[in-house]
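Visitor: So that we are looking at the same thing, I have put the structure below in structure tokens.
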Amino acid sequence: MFVRRFASIIALATVLLASLPAQTPQPSPTQPTPQQQQQKAQPKCTDTGTYVNSQGQTVKRPENCSAAPQGATAQCRDGSYSFSTSRRGTCSHHGGVAKWL
């Protein structure tokens, strides 16, 4: 009886140990990779170049973006984002300022 019980325990342990690697969690295909998360964090923008402002500084022109880009100071009424360093004239060719960031 002891031998039969011991053999049953060994057989059960073998089956359980063999099934452990199969239970290793695999990354879900719906979870974004770190690279995908970084891409989502950076809004997609149209690069419209630069201009020299009244103070002689080179500034990015307003861009249409999927979200507020880093460095934007205002969102224009036409939806573009401005990088103006001065409030005067900001979004003047884009319907004016909708909101300051």
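Here, each number is a calculation from the coordinates, and none is a lab measurement. Everything numeric in this text was worked out from a predicted model, so none of it was measured. For neighbour counting, all protein chains shown are included, and Cβ atoms are generated from backbone atoms with ideal geometry for every residue, glycine included.
Visitor: Once the piece of chain linking ILE9 and SER66 is laid out straight, how much longer is it, given 0.36 nm per residue of separation minus the C-alpha distance between them?
Guide: Here the segment from ILE9 to SER66 would lengthen by 14.5 nm.
Visitor: Another question about this same structure. For the range 43-101, just run the numbers: alpha carbon Rg, then divide by 2.2 N^0.38 Å, N being how many residues it has.
Guide: Here the Cα radius of gyration is 0.99 times the empirical estimate.
Visitor: Given the peptides 71-79, 3-11, arrange them by the average over their residues of other C-beta atoms within 10 Å, most packed first.
Guide: 71-79, 3-11
Visitor: Using a simple charge model, +1 on the beta-carbon of Lys and Arg, -1 on the beta-carbon of Asp and Glu, nothing else, what dipole does the range 43-101 show about its Cα centre, in debye to the nearest 20?
Guide: Dipole size: approximately 160 debye.
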